[in-house]
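Below: one structure, written as structure tokens.
The values are calculated or read from the model by the stated rules, or taken from the named source; none is laboratory data. On a predicted model such as this, the values are computed, not experimentally measured, just so you know. FYI the Cβ positions are ideal-geometry reconstructions off the backbone, even for glycines, and counts take in every protein chain you see.
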């Protein structure tokens, strides 16, 4: 059976759990505490030298880090990863955009709001991340104004990867008022058979 | 013919030009000045709403942004993107790692050293990026100690994506002394038939 090394607060982890749920795949969940340095100890670094969850571990022990690479691996051969070359490339384009433009702003703002003491200096940095997070949500909203899904006519790994942190953006002070197409798209993802929501924050 | 919207100083652009050269593919190069706001004007935003190069434009006008998505699109069906599912996923894992852990540190340090006035405040931020850049190079060096290539037995999109900014890391104050396996790997990429180097910085 597949093992997912994960942490329930993580949107990067939720993406993978969401896809596994939509695909109806069984897996074993192994939770790690990312706040106490657990992912930087030798036992975890043997799974992922980069010291981050999620990591997908195959039955034979091989490990795959990076949430979006895991999504593509699990989605191969299903409708969540189109066969048609340009549609597939568009999915990848959204996944790379997510890791560079969306996650470092929307997810990091959420993490800071929950975990870090809000000094005056950090407040300035947080405001910058929030502004870039809004720019990311605006870009998605513009794109979704004329479309139901990010790529093509159905849900793909692009929608799954972008759902998780977008759905909790307000926890980082990035409200979604004024992004109507984005709000409708979130509801569309939530209506997929097998959908599971992000876990409540316990930090 | 393919058109590549690009800027010669960019390692993200170089990755794509390098793969096109290794594949022996013809393309038209359209250069944009990323420093004067050219990529944020309406004509460019119609190609990529995210306002960034590189963008691959197909003959029919369709556009694909995100350097690593472009690499996968061009490499499909060649040895640079393995068919075997786990090897393919490992390539993607390196590509996502590159955009989250390597580029924002190694490339951004280089950009700041060339373009931004070095205030005391910025010097502190630069030192943090350089430290994370070193951590990225160390992780690659450790991985390459027992291997010739990042994934499998030959060059893949993972090697191409990670070559460009690694080869000019010293321009951002991140020297490669002490990473012998990394240095040998760079030479291995440079020996590939058709290899082209990063253009000299004109900033």
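Within the option set A:106, A:151, being at pLDDT 95 or above and either touching a strand residue (DSSP E or B) at 6+ places or on another chain (Cβ under 6 Å) or assigned to a loop (DSSP other than H, G, I, E, B) (or both) holds for one residue only, A:151.
Here is the figure for the stretch A:44-77: residues that are in contact (Cβ under 8 Å) with a residue 12 or more places away in the chain, surrounded by 17 or more Cβ atoms within 10 Å (Cβ to Cβ) and within 17 Å of residue B:88 (Cβ to Cβ) total 10.
Report the residue count in the stretch A:113-128 for those that are assigned to a helix (DSSP H, G or I) and free of Cβ contacts under 8 Å to residues at least 40 places away in the same chain.
Total meeting the criteria: 8.
Selection over the stretch A:78-88 of residues that are at the interface with chain B (Cβ under 9 Å from one of its Cβ atoms) and either in a loop (DSSP other than H, G, I, E, B) or buried (at least 24 other Cβ atoms within 10 Å of the Cβ) (or both) gives a count of 0. Restricting the stretch A:95-107 to residues that are more than 8 Å from chain B (Cβ to nearest Cβ) and within 12 Å of the chain's Cα centre (by Cα) leaves a set whose member that is farthest from residue B:53 (Cα to Cα) is A:107.
Scanning the stretch A:108-122 for residues that are within 19 Å of residue A:175 (Cβ to Cβ) and within 13 Å of another protein chain (Cβ to nearest Cβ) yields one hit, A:108.
When you look at residue A:115, is it at pLDDT below 95, more than 12 Å from the chain's Cα centre (by Cα) and outside the structural domain of residue A:165 (by TED's automatic domain parsing), yes or no? In short, no. Scanning the stretch B:68-77 for residues that are touching a helix residue (DSSP H, G or I) at 6+ places or on another chain (Cβ under 7 Å) and more than 7 Å from every other protein chain (Cβ to nearest Cβ) yields B:70, B:71, B:74, B:75. Looking across the stretch A:52-67, the residues that are within 17 Å of the chain's Cα centre (by Cα), within 10 Å of chain B (Cβ to nearest Cβ) and part of a loop (DSSP other than H, G, I, E, B) come down to A:52, A:66. For residue A:29, state whether it is under 18 Å from the mean Cα position of the chain (by Cα), surrounded by fewer than 23 Cβ atoms within 10 Å (Cβ to Cβ), part of a loop (DSSP other than H, G, I, E, B) and on the phi < 0 side of the Ramachandran plot. No. Quick one: is residue A:9 at pLDDT below 95, under 20 Å from residue A:197 (Cα atoms) and more than 11 Å from every other protein chain (Cβ to nearest Cβ)? So residue A:9 fits the description; yes. All of (1) more than 9 Å from chain A (Cβ to nearest Cβ); (2) surrounded by 14 or more Cβ atoms within 10 Å (Cβ to Cβ); (3) touching a helix residue (DSSP H, G or I) at 6+ places or on another chain (Cβ under 7 Å) hold for residue B:125 with one exception: (3). Tell me whether the stretch B:98-112 contains one or more residues that are assigned by TED's automatic domain parsing to the domain that holds residue B:123 and free of Cβ contacts under 8 Å to residues at least 12 places away in the same chain. Yes.
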